[in-house]
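Peer 1: Sending over a structure as structure tokens; questions will come in a sec.
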Amino acid sequence: MCALEKFAPLPLQESWDNAGLQVGLTETEVSGALLCLDVNERIIDEARQKGCNLVVSHHPLLFRGLKTISDLTDVQRTVRKAIQQDICVISMHTNMDNAKGGVNYRIAQKLGLQEVAFFVSKTVDGIEAGSGVIGTLPEAMASDDFVIQLKKTFDVECARCNQLLQRPVKKVAICGGAGDFLLDDAVKAGADAFITGEMHYHQYFGYEQQIQICVIGHYESEQFTTEVFQEIIQQQCPGVKTVIAETNTNPILYL
């Protein structure tokens, strides 16, 4: 946990977030770490089956306090199961989104972007941070070719886009997850395309031929976060076993 917090300190998280320890004791000796995007009962089961007593997730199990720990909700059942199985759960959420080298940098790496940097940056406790990154493609691409490449890279069935841009795409802005709040900042930064996981319907209006909007799904956009976790732990704690979860926790089906 210290290695992850050193990379993405908790003060980098947004005020509404609840990153950090979710369930368990920090002094527990780690037998193995299961790395995932979301935490549910199936993830706890997988951790136990694979000999891991630590679950590291991107999305917090607990966003708000629980007044009851019973079996009424999925969250309550998951907390109970984690306690019963003596499995510790920690989450690295918006602190990992905002960290240099974090979630958005990994998305940029998957796309082969160069000269990657924050396009909305801030300093927290003397640490450079930001909500989204921007970079350039090695070669400019036609917008339809760019969308095809994006779908292939993230293995998505569809991308929700606005009108196809009639100029080449070269500069690309990124915010994994729910990043529609950065759309105007991406335009101001001179991006030809903006990639995110979620966007409200009305925000697609008014950007025709200004920027190529590409929305690929929340889970899909952040799916490589577990790779970041694994690299940090392997580098800082080489003796700790790390396992990327096989359980797909994406609640959205494309039918």
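Peer 1: Amide H neighbours of Ala142 under 5 Å, counting only residues 5+ apart in sequence or on other chains, H built in-plane at 1.01 Å?
Peer 2: Hits under the 5 Å cutoff: Val169.
Peer 1: With both partners inside region 1-137, how many of the DSSP beta bridges are antiparallel, as a percent to the nearest 5?
Peer 2: 60 percent
Peer 1: Okay, moving on. In 5 Å bins starting at zero, report the fraction of Cα pairs in region 1-72 per bin as a rounded %.
Peer 2: So the P(r) values, bin by bin, are 3, 13, 23, 26, 20, 11, 3, 0.
Peer 1: If Lys and Arg each add +1 and Asp and Glu each add -1, what is the summed charge of the other residues whose beta carbon sits under 15 Å from the beta carbon of Ile216?
Peer 2: -1
Peer 1: Turning to a different aspect of this structure: For region 68-148, just the Cα set please: Rg and Dmax, both in angstrom.
Peer 2: So, for region 68-148, Rg and Dmax equal 19.3, 55 Å respectively.
Peer 1: Another question, then. Let me see the P(r) profile for the chain: every Cα-Cα distance counted, bins of 10 Å, each bin given as a percent of all pairs.
Peer 2: In order of increasing distance, the bins hold 7, 30, 33, 21, 8, 1 percent.
Peer 1: Between Asp125 and Gln149, 0.36 nm times their residue separation minus their Cα-Cα distance comes to what?
Peer 2: On the way: separation 24, 0.36 × 24 = 8.64 nm, distance 3.81 nm.
Contour length minus the Cα-Cα distance gives 4.8 nm.
Peer 1: Now for a different question. With each label point set 7 Å from Cα along the Cα-Cβ vector, what nm distance links Gln210 and Ser15?
Peer 2: That separation, rounded to one decimal, is 2.8 nm.
Peer 1: Hey, another quick one. Report the semi-axes of the equivalent ellipsoid for region 30-116 in whole Å, largest first, where each axis is √(5λ) for an eigenvalue λ of the Cα gyration tensor.
Peer 2: 29, 16, 10
Peer 1: Remind me, what semi-axes does region 157-201 give for its equivalent ellipsoid, largest first in whole Å, using sqrt of 5 times each Cα gyration tensor eigenvalue? Intermediate results must be reported in sequence, preceding the final value.
Peer 2: Working: eigenvalues 53, 40, 17 Å².
Calculated on Cα positions only, the semi-axes equal 16, 14, 9 Å.
Peer 1: In a GNM of the chain with a 10 Å cut-off on Cα contacts, which of Ser131, Ser143, Ser15 has the highest mean-square fluctuation?
Peer 2: Ser15
Peer 1: Something else now. Sticking to Cα atoms, compute the Rg of region 30-74 to one decimal and its Dmax as the biggest Cα-Cα distance, whole number, in Å.
Peer 2: Considering region 30-74 through its Cα atoms, Rg and Dmax are 11.5, 31 Å.
Peer 1: Counting each DSSP H run of 4 or more residues in the chain as -39500 (n - 2.57), what helix-only mean residue ellipticity at 222 nm follows after dividing by all residues, to the nearest 500 deg cm²/dmol? Present the calculation step by step, with values, prior to reporting the outcome.
Peer 2: Numbers: 9 runs with 73 residues, N = 255.
Per the formula, -7500 deg cm²/dmol.
Peer 1: Give the carbon-plus-sulfur fraction of the accessible surface of the chain in %, rounded to a whole number; probe 1.4 Å, heavy atoms of protein chains only.
Peer 2: Carbon-and-sulfur percentage of accessible area, whole number: 50.
Peer 1: Okay, moving on. Please compute the Kirkwood hydrodynamic radius of region 198-254 from all pairs of different C-alpha atoms, in Å with one decimal.
Peer 2: Working: mean 1/r = 0.0685 Å⁻¹.
This gives a value of 14.6 Å.
Peer 1: Read phi for every residue in region 155-168 and hand back ³J(HN,Hα) as whole Hz from Karplus 6.51 cos²θ - 1.76 cosθ + 1.60, θ = phi - 60°, with x for Gly and Pro.
Peer 2: These are the phi-based 3J(HN,Hα) values: 6, 10, 6, 8, 10, 8, 10, 8, 3, 4, 5, 9, 9, x Hz.
Peer 1: Starting from the Cα-Cα distance between Ala140 and Cys2, subtract it from 0.36 nm times their residue separation and give me the gain in nm to one decimal.
Peer 2: Roughly 45.6 nm would be gained on extension.
Peer 1: Okay, moving on. Taking all protein chains together and a probe of 1.4 Å, list Thr225, Thr123, Thr136 from the most accessible to the least accessible.
Peer 2: On the way: Thr225 5, Thr123 105, Thr136 25 Å².
Descending order: Thr123, Thr136, Thr225.
Peer 1: Just the accessible area for Arg167, please: 1.4 Å probe, Å², rounded to the nearest 10?
Peer 2: 80 Å²
Peer 1: Please identify every one of the GluC sites (Glu not before Pro) in region 208-238 that sits in a loop by DSSP and has no more than 16 other beta carbons within 10 Å of its own beta carbon. Provide the component values of the computation, followed by the final result.
Peer 2: Values: sites: Glu208, Glu220, Glu222, Glu227, Glu231; in loops: Glu208, Glu222.
Here the sparse-neighbourhood loop sites are Glu208.
Peer 1: Nearest 5 is fine: what % of DSSP beta bridges in the chain come out antiparallel, could you say?
Peer 2: Bridges in the chain are about 45 percent antiparallel.
Peer 1: With a 1.4 Å probe and all protein chains kept in place, how do Phe205, Phe7, Phe229 rank by accessible area, largest first?
Peer 2: Solvent-accessible surface, decreasing: Phe205, Phe7, Phe229.
Peer 1: OK, next. Distances over 24 Å make up what percent of all Cα-Cα pairs in region 138-247?
Peer 2: 32 percent
Peer 1: Can you give me the accessible area per residue for the chain, using a 1.4 Å probe, in Å²?
Peer 2: Result: 49 Å² per residue.
The values are calculated or read from the model by the stated rules, or taken from the named source; none is laboratory data. Everything numeric here is computed off the predicted structure, so don't read it as measured data. All Cβ positions, even for glycine, are placed from backbone atoms using ideal geometry, and neighbour counts span all protein chains on display. Please note that ligands, DNA and RNA were not included when accessible areas were found on the heavy atoms of the full protein model with its side chains. Shrake-Rupley method; radii C 1.70, N 1.55, O 1.52, S 1.80 Å.
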